[in-house]
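Beneath this line is the structure, given in structure tokens, with notes to follow.
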Amino acid sequence: MKIPMMLSCKEAARLFLEAQEHSLSIGEYLALILHRFVCGLCRRYWKQVMFVQNVIRKYTGNIQEADFGSAPLLSIESREKMKNSLKGL
Amino acid sequence: MKNSLSNPSEWVDKHGDALYRYALLQLRNQKTAEEVVQETFVSALQSKDRFEGRSNERSWFIGILKHKIIDHIRKSYRERAAENLDVLGDELETMFDPETGHWRKDTAPTEWNLNADQLLEKKEFWEVLRSCLANLPQKAADAFSLKEIEEMKTEEICKVLNITPTNLWVMLHRARMQLRRCLEVKWFNKKEGRAK
């Protein structure tokens, strides 16, 4: 008989995702907490997903002002084209 | 004190690259990004009398650019029929062993060197991030941009992309999971990003 408290990593992943959209039942919630407690790979995985999210926010939050790395620049041709279009108005 | 606008002849040199980077991040296509930046400058010139000086010049341009980008995305989805997506079924199938439901050897998360401050200083990391963003499927990437970059509300994004809230949720997770995987393969499993 399957013990409902012991989720596989796949079931835990699905519950973790569903928890972002709607609240889980108490049983599901406890099973998820227990799984994360015992499974190092899943803890690592979801921590990395959140990390990626934060890095993206840092990137987008700074992109207006900062020159991030060798960020792509407008080509000389399109720069000239834009300048000309502003002159023409 | 109110800010005033600089001479339009200086706009492209002062703001062109920043606007282009912003547009490219969201639209992931060089030509389209250039087009919306050009449209932004033209609109700015036509409405320069409406600049009230409450924000700085760069923010004003970014504000116009955001509208242009969202308009562009909206137009590209207006004609398409709404799709139905399985709730993340495909991604989860590929990540886990179908028999046991546990991590597969080749997809199990490796340990990352998560020093965010160091990462931010590495320009190679940003290049990898940009290429990972560029490789997302278009609709997932658009959903991700509107949510994470434009910080739009769920219902607004659904209107722009012509999708249901559940589909949006699926797409956002797909995008996050694919970005994680891409960064793992292209950065964290390589020498530069490996945990010590």
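Only the coordinates and a few stated rules stand behind these numbers; no lab work does. Treat the numbers as computed from the prediction; the structure is a model and nothing was measured. For neighbour counting, all protein chains shown are included, and Cβ atoms are generated from backbone atoms with ideal geometry for every residue, glycine included.
Give the peptides B:140-146, A:53-59 in descending order of average Cβ contacts within 10 Å, highest first.
Top of the packing list down: B:140-146, A:53-59.
Please report the net charge: other residues with Cβ closer than 11 Å to the Cβ of B:Lys14, K and R +1, D and E -1.
-3
Which angle from 0 to 90°, rounded to the nearest 10, does the C-alpha axis of helix B:57-78 make with the longest principal axis of chain B?
60
Springs between alpha-carbon pairs under 10 angstrom, Gaussian network model over chain B: which of B:Lys159, B:Lys122, B:Lys14 fluctuates most?
B:Lys122
Please give the per residue volume of the convex hull enclosing the alpha carbon atoms of chain B, rounded to a whole number of Å³.
Taking the convex hull of the Cα positions in chain B, it is 152 Å³ per residue.
First select every other residue whose beta carbon is under 13 angstrom from the beta carbon of A:Glu77; then total the charges, Lys and Arg +1, Asp and Glu -1.
Residues close to A:Glu77 contribute a combined charge of +2.
Over the protein assembly as shown, consider all pairs of different Cα atoms and compute the Kirkwood hydrodynamic radius from their mean reciprocal separation; express it in Å, one decimal. Spell out each step's value before the answer.
Values: mean 1/r = 0.0475 Å⁻¹.
Result for the protein assembly as shown, one decimal place: 21.0 Å.
Roughly how many whole Å is it from the C-alpha centroid of region B:91-155 to that of region B:6-27?
Cα centroid to Cα centroid, the span is 27 Å.
Only helical DSSP H runs with n ≥ 4 go in: add -39500 (n - 2.57) per run for chain B, normalise by residue count and round the 222 nm mean residue ellipticity to 500 deg cm²/dmol.
-19000 deg cm²/dmol
Would you mind counting up the charge near B:Glu34? Only other residues with Cβ under 15 Å from its Cβ, with Lys and Arg at +1 and Asp and Glu at -1.
+2
What angle, in degrees between 0 and 90 and rounded to the nearest 10, separates the Cα long axis of helix B:123-134 from the longest principal axis of the Cα atoms of chain B?
For helix B:123-134, the angle is close to 80 degrees.
For an R0 of 35 angstrom, estimate the FRET efficiency from the Cβ-Cβ distance between B:Thr166 and B:Leu114 and round to the nearest 0.05.
For R0 = 35 Å, the calculated efficiency reads 0.65.
Between the helical axis of B:8-27 and the dominant principal axis of chain B, each derived from Cα atoms, what acute angle in degrees is found, rounded to the nearest 10?
20
Averaged over its residues, how many other protein chain Cβ atoms are within 10 Å of peptide B:172-178's Cβ atoms?
Mean inter-chain Cβ contacts per residue within 10 Å come to 4.
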